[in-house]
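Undergrad: Right, I'll just put the structure down here and ask away after.
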Amino acid sequence: MASEDELNLLVIVVDVNPIWWGQQGQREPQFTLSKCLDAVMVMGNAHMAMTRTNKLAVIASHCQDSHFLYPSKSWKSGDSGGDEASSSRDGKYELLSVANNLIAEEIRSIMAKTEVTGNSTDTLLAGSLAKALCYIHRFSKELEGNVRLNCSFLHFIHFFY
């Protein structure tokens, strides 16, 4: 168990290229982007539920850009997430509901803005990895006192194929 002077940050980068996921869905319909994101949310929830000092970041690596799914710009640390978080009546830790709702909202926003041109399955992976490393660096610089940061990095890219 982590002590109060130790933070554990898990950064997950997920490939959300709609062309690749569409092709994958045709080959193996049981492996979808939706199921991948469900698995990411389960892993993120498990990480955050282990101890209150565990932190999470989820970054979408897309064919047009890289984007934070969680925490998003619309969420600030300590924010309860508004009415959606307080309406969680299923006994779930409210922060998990907030995280799941934000990830789902952000992925919907990304996919709605996507303009697919061509057939390229290339993803802007370098930008996503750079964004993850910058986030880890910024997070470590914001720590106060003798708090130690343990970072884990997980990258889901075409992991089914």
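Undergrad: Within the range 1-21, track down each residue that is crowded, with 19+ Cβ neighbours inside 10 Å and of a type in the set (Val, Ile, Thr).
TA: Val11, Ile12, Val13, Val14, Val16 - these are the residues of the range 1-21 that are crowded, with 19+ Cβ neighbours inside 10 Å and of a type in the set (Val, Ile, Thr).
Undergrad: When only residues in the range 47-64 that are among the aliphatic types (A, V, I, L, M) and more than 16 Å from Asp122 (Cα to Cα) count, which is surrounded by the most Cβ atoms within 10 Å (Cβ to Cβ)? Talk me through it step by step, then tell me what you get.
TA: The initial filter retains those residues of the range 47-64 that are among the aliphatic types (A, V, I, L, M), namely 48-50, 56-60.
Retained after the next criterion (residues that are more than 16 Å from Asp122 (Cα to Cα)): 48-50, 56-59.
Values: Met48: 20, Ala49: 13, Met50: 12, Leu56: 22, Ala57: 21, Val58: 28, Ile59: 22.
Top of the filtered list is Val58.
Undergrad: Given the options Ile103, Ile12, name the one that is modelled with pLDDT of 85 or more, in a helix (DSSP H, G or I) and in contact with a helix residue (DSSP H, G or I) (Cβ under 8 Å, 6 or more places away or on another chain). Write out each step before concluding.
TA: On the way: Ile12 fails: in a helix (DSSP H, G or I).
Among Ile103, Ile12, only Ile103 is modelled with pLDDT of 85 or more, in a helix (DSSP H, G or I) and in contact with a helix residue (DSSP H, G or I) (Cβ under 8 Å, 6 or more places away or on another chain).
Undergrad: Of the numbered conditions (1) modelled with pLDDT of 80 or more; (2) not in a loop (DSSP other than H, G, I, E, B), Asn146 satisfies every one except a single condition; which is it?
TA: Asn146 satisfies all of (1) modelled with pLDDT of 80 or more; (2) not in a loop (DSSP other than H, G, I, E, B) except (2).
Undergrad: Let me ask another. Just for helices (runs of 4 or more DSSP H) wholly inside the range 15-99: which have at least 1 residues that are at pLDDT 85 or above? Spell out the reasoning first.
TA: Working: elements: 18-27, 33-50, 83-86.
Filter on the range 15-99 gives 18-27, 33-50.
Undergrad: Here's a follow-up. I need the full set of residues from the range 106-143 which are β-branched (Val, Ile, Thr) and either assigned to a helix (DSSP H, G or I) or under 12 Å from Ala57 (Cβ atoms) (or both), in order please. Show your work before the answer.
TA: Going residue by residue through the range 106-143, those that are β-branched (Val, Ile, Thr) are 107, 110, 114, 116-117, 121, 123, 136.
Selection gives Ile107, Ile110, Ile136.
Undergrad: If you take the residues of the range 110-147 that are of a type in the set (Ser, Thr, Tyr) and under 15 Å from the mean Cα position of the chain (by Cα), which of them is farthest from Asp5 (Cα to Cα)? Lay out the reasoning, then the answer.
TA: Start the filter on the range 110-147 by keeping residues that are of a type in the set (Ser, Thr, Tyr), which leaves 114, 117, 120-121, 123, 128, 135, 140.
Filter once more, so that each one left must be under 15 Å from the mean Cα position of the chain (by Cα): 128, 135.
Numbers: Ser128: 29, Tyr135: 20 Å.
Residue satisfying both the conditions and the ranking: Ser128.
Undergrad: Return the residues of the range 22-38 that are in contact (Cβ under 8 Å) with a residue 12 or more places away in the chain, surrounded by fewer than 15 Cβ atoms within 10 Å (Cβ to Cβ) and either under 13 Å from Ile103 (Cα atoms) or of a type in the set (A, V, I, L, M) (or both); say none if nothing qualifies.
TA: none
The values are calculated or read from the model by the stated rules, or taken from the named source; none is laboratory data. Bear in mind that the values here come from a model prediction, so they are computed numbers and not experimental data. Please note: Cβ atoms are built from the backbone with ideal geometry, for glycine as well, and neighbour counts cover all protein chains shown.
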